[in-house]
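Q: Take a look at this one; I'll ask things after.
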Amino acid sequence: MISSQILQNTIEEMYTITHVNFTIMDADGGEVAATSGAGTVSPEAVTQFVDSPADSQVVQSSHFFKVFDDKKLEYILISDGKTDDAYTMGRVAVSHIQNLIVAYRERYDRNNFIQNLLLDNMLLVDVYNRAKKLHIDTDARRIVYLIETKNEKDGTAKEIVKGLFGSQPQDFVTEVDEKSIILVQQLSDKETYADVERTAKMLRDMLNTEAMSNAKIAYGTIAKEIRQVSRSYKEAKMALDVGKIFYEEKSIVAYNSLGIGRLIYQLPIPLCQMFMREVFGEDTPDTFDEEIITTINKFFENNLNVSETARQLYIHRNTLVYRLEKLQKTTGLDIRVFDDALTFKIAMMVVSYMRYMERES
């Protein structure tokens, strides 16, 4: 249903053009909207008109009109005065409001269609049939962005995204839960992942500046036809989760650049536990003190360079070597050696994954 504010704005614009005052009532005689100079309308007069078979008639020196939504009576429009102008402008206003009703109903249906499409709630034949009825191009290229803010039900963030993309009939801004905003953007044939990344950065910057939302954005791969949109959504969802686990410092995560995090995310927990026992026994990386964890992370950041790591940690090179040898005695892994370093890095990622799954469960 159209909001009262939209109806109020509509009849005020009509008044500015025609200088005819309008009132919109619901079928029970309650006032929905009215211009400032509109006369008082009694609920009884509205009720009597609702019960009459006529679609329009003169009542109390005004023209009364019925406004239908797909054959269902939705509103009563009253234009002040008995003149032909008042009648003509009343008919114009009725036509305009009924067109608004159709447009809003279609907009809602399109939103509902996109939600069901993302969640795979429709048969393939229904996807194409409904898309055709809603005038949605089935062969267009599309990408799905998943936007998560620090606050659930962040209305400001959603309005910003709608302001940027909601006016484009080929783009859709929707949601399927309380945690995230979904943008389904139609792409031209020439747009690439570089353009998609630029859009993601623009969204992040706008949300962080205007809504102070500390937004995280993930996106899937480009869908070449409408049935692939749900796949792009699932990819964006996985990218968002993987980003939280392994790439917490990143505010934008693309599905096609998840790296080894994608593989670990799909491992069953029992297999992860078995791997940790094989490599570390009872001394897993999450039991190490903060100093050794900081040392290891900095060592990996500097590509196993002992001298540079010591310099950035403000410690003597021999102190760093001592720490690494102590770690080797504890775990049996010398992370100065590439193979051991690789094993240890994967193990740390597995630990992060297991912690995340524990929190989620």
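Q: What number does the stretch 206-261 give for Rg over Rh if you use C-alpha atoms and the Kirkwood radius?
A: Computed over Cα atoms, the ratio is 1.04.
Q: Output the relative contact order of the chain, whole-number percent, from Cα pairs under 8 angstrom with separation of 6+ residues.
A: Dividing the mean separation by the residue count of the chain yields 10 percent.
Q: Taking 2.2 N^0.38 Å as the expected size of a compact globular protein, what ratio does the Cα radius of gyration of the stretch 244-361 give against it, to two decimals?
A: 1.11
Q: Can you tell which of 294, 280, 212 lies farthest toward the positive end of the dipole of the stretch 175-300, using +1 and -1 charges on the Cβ of basic and acidic side chains (Lys, Arg; Asp, Glu)?
A: 212
Q: Kirkwood Rh over Cα pairs of the stretch 1-82 into Stokes-Einstein at 20 °C, 1.002 mPa s: D in µm²/s?
A: 169
Q: Rg and Dmax in Å for the stretch 121-165, alpha carbons only: what are they?
A: Here Rg and the maximum Cα pair distance are 14.9, 38 Å.
Q: Taking the chain as the reference, fit the longest principal axis to its C-alpha atoms, fit the long axis of helix 124-133 to the helix C-alpha atoms, and give the angle between the two in degrees, 0 to 90, nearest 10.
A: For 124-133 against the chain, the angle is about 40 degrees.
Q: Pop out the Kirkwood hydrodynamic radius of the stretch 40-150 from its pairwise C-alpha distances, inverse of mean 1/r, in Å to one decimal.
A: One decimal place: 17.4 Å for the Kirkwood radius.
Q: Report the per residue volume, in Å³, of the convex hull enclosing the C-alpha atoms of the stretch 118-275.
A: Once divided by residue count, the hull of the stretch 118-275 is 128 Å³.
Q: Moving on to the next point. At a 1.4 Å probe, what is the % contribution of carbon and sulfur to the accessible area of the chain?
A: Using a 1.4 Å probe with all protein chains present, the chain comes out at 49 percent carbon and sulfur.
Q: Further, regarding this structure: Given the Cα-Cα distance of residue 99 and residue 5 and 0.36 nm per residue of separation, how much length would full extension add, in nm?
A: Length difference between fully extended and current span is 32.2 nm.
Q: What angle, in degrees between 0 and 90 and rounded to the nearest 10, separates the Cα long axis of helix 229-246 from the longest principal axis of the Cα atoms of the chain?
A: Approximately 40 degrees, to the nearest ten.
Q: How long are the semi-axes of the ellipsoid equivalent to the stretch 149-201, from square roots of 5 times the Cα gyration tensor eigenvalues, in whole Å, largest first?
A: 22, 13, 10
Q: Here's a follow-up. Kindly flag which residue pairs out of 216/237; 250/298; 244/345 have an alpha-carbon separation exceeding 22 Å in this structure.
A: In this structure, no pair lies more than 22 Å apart at Cα.
Q: Out of these labelled values of volume of the Cα convex hull per residue in Å³, [x] 152; [y] 201; [z] 131, which was calculated from the coordinates shown here?
A: After the calculation, the listed value that fits is [y].
Q: Taking H placed 1.01 Å from N in the peptide plane, check which residues at least 5 places from residue 33 or on another chain put their amide H under 5 Å from its amide H.
A: Correct list: 24.
Q: Something else: List the residues whose amide H sits under 5 Å from the amide H of residue 252, counting only those 5 or more places along or on another chain, with H placed 1.01 Å from N in the peptide plane.
A: So residue 252 has HN proximity to 217.
The values are calculated or read from the model by the stated rules, or taken from the named source; none is laboratory data. Computed from a predicted model, the values in this text were never measured in an experiment. Here the Cβ is made from the backbone with ideal geometry for all residues, glycine too, and neighbour counts use every protein chain on show. Surface accessibility is based on the protein's heavy atoms, side chains included, excluding ligands, DNA and RNA. Shrake-Rupley method; radii C 1.70, N 1.55, O 1.52, S 1.80 Å.
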